[in-house]
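Okay, structure first, notes after.
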Amino acid sequence: MTPPHRTRLTFHGPLSEARADALVQRLTRHRPTTVLDIGCGTGELMLRVLAAAPEATGTGVDLNADDLARGREAADNRGLASRTRFVEESATGTAHGPADLVLCVGSSQALGDRLPEALQELRRLVADGGRVLLGEGFWQRTPTPAELSRMWPDAAVTDHPDLATLIGLAIDAGFRPEWTETASLDEWEEFESGYLADTEVWLAEHPGHPLAAQTRERVDRHRARWLTYRGVLGLAYLTLVPVADR
Ligand SMILES: C[S@@+](CC[C@H](N)C(=O)[O-])C[C@H]1O[C@@H](n2cnc3c(N)ncnc32)[C@H](O)[C@@H]1O
């Protein structure tokens, strides 16, 4: 028996039900007929968009076969399978698109190592008059060197821009920001607690399990990192409109 993982998460990021509802409403206002989800994971947000936009078809692209299988099962259960494709491949240089709506939440690294490059890809992948939802990390304040040393391996100030710089980069790539919002501390705490909760309970119930020591070490390390970036690392949800080619 291995420790359970992620059964308490709906989204793989700090996203509340209320914000997801508002996003779906905004992103379906212009009646998209094609949706492309870059680094879709289980594609939960795409499936909600498809449920709210009955004329739309959706393609989710990811490398994680388990998440894609979960997405296909959810599409099936919700009667969306005929309008949904989950494709196991890299999104780097993808041949899918252009689409009326492109979702890229926590996944810009799938489009390029650098943010300007990823934003240019998003501009290429969105149809004129369409929308991009970009979920992207930013520094809420500049982390100190001591904090950086306790975050992910090789964490650097250059890993993320601040919010104004992030929006400036989107504008430089040919977008206007229709809507700017950022994950709240409550959303972060809900996400990070949900991420670890199953494993924490398993550890409490199986202290002598052969996998307990390595699992405890992994969970303690993740919690220490998250409590360091808590309130420092932000996640912006930018609804971007492509500027028309003249
Ligand atoms: C933080 S998760 C976000 C998942 C999903 N967008 C969500 O919000 O729940 C990042 C996802 O990007 C995917 N990913 C990373 N590199 C990729 C690539 N080159 N092509 C496609 N997907 C990639 C990962 O497998 C992972 O599912």
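The values are calculated or read from the model by the stated rules, or taken from the named source; none is laboratory data. Bear in mind the structure is a predicted one, so any value in this text is a computation, not a measurement. Don't worry about glycine lacking a Cβ; one is built from the backbone with ideal geometry, like all the others, and counts go over all protein chains shown. Ligands, DNA and RNA are excluded from the accessible area calculation, which covers all protein heavy atoms including side chains. Shrake-Rupley method; radii C 1.70, N 1.55, O 1.52, S 1.80 Å.
The percentage of C-alpha pairs in the chain whose separation is greater than 27 Å is 38%. Residues 229, 195, ordered by accessible area of protein heavy atoms at a 1.4 angstrom probe radius and largest first, appear as 195, 229.
Suppose a student asked you for the relative contact order of region 177-246, using Cα pairs under 8 Å spaced at least 6 residues apart; what percent would you report?
It rounds to 67 percent for region 177-246.
Give the shape of region 11-105 as rounded, prolate or oblate, defined through the alpha-carbon gyration tensor: a ≥ b ≥ c are the square roots of its eigenvalues, a/c under 1.5 means rounded, and otherwise the shape is prolate if a/b is larger than b/c and oblate if not.
Because its axes are fairly even, with a/c under 1.5, region 11-105 counts as rounded.
Around residue 22, what is the net charge, scoring Lys/Arg as +1 and Asp/Glu as -1 over all other residues with Cβ under 12 Å from its Cβ? That sum, taken over residues with Cβ under 12 Å, equals +1. Ligands, DNA and RNA excluded, the heavy atoms of residue 245 present near 120 Å² of accessible surface to a 1.4 Å solvent probe. In the context of the full set of protein chains, the chain has a per residue accessible area of 50 Å² (1.4 Å probe). Between amide H atoms placed 1.01 Å from N, distances below 5 Å from residue 33 occur with 100, all of them 5 or more places distant or on a separate chain. Beta bridges per DSSP, both residues in the chain: antiparallel share near 45 percent.
Net charge of the neighbourhood of residue 241, taken over other residues with C-beta under 14 Å away and scored Lys/Arg +1, Asp/Glu -1, is +1. Only protein heavy atoms count here; on that basis, with a 1.4 Å probe, residue 12 has an accessible area of about 120 Å².
Normalised radius of gyration for region 147-235, please: alpha carbon Rg relative to 2.2 N^0.38 Å, two decimal places.
1.44
Only Lys, Arg, Asp and Glu carry charge here, each on its Cβ (+1 for the first two, -1 for the last two); on that basis region 85-160 has a dipole of about 200 debye about its Cα centre.
Residue order by solvent-accessible surface for 139, 179 is 179, 139, largest first, with ligands and nucleic acids left out and a 1.4 Å probe.
For region 1-116, which whole-number percentage of the solvent-accessible area (1.4 Å probe, protein heavy atoms only) is attributable to carbon and sulfur atoms?
47
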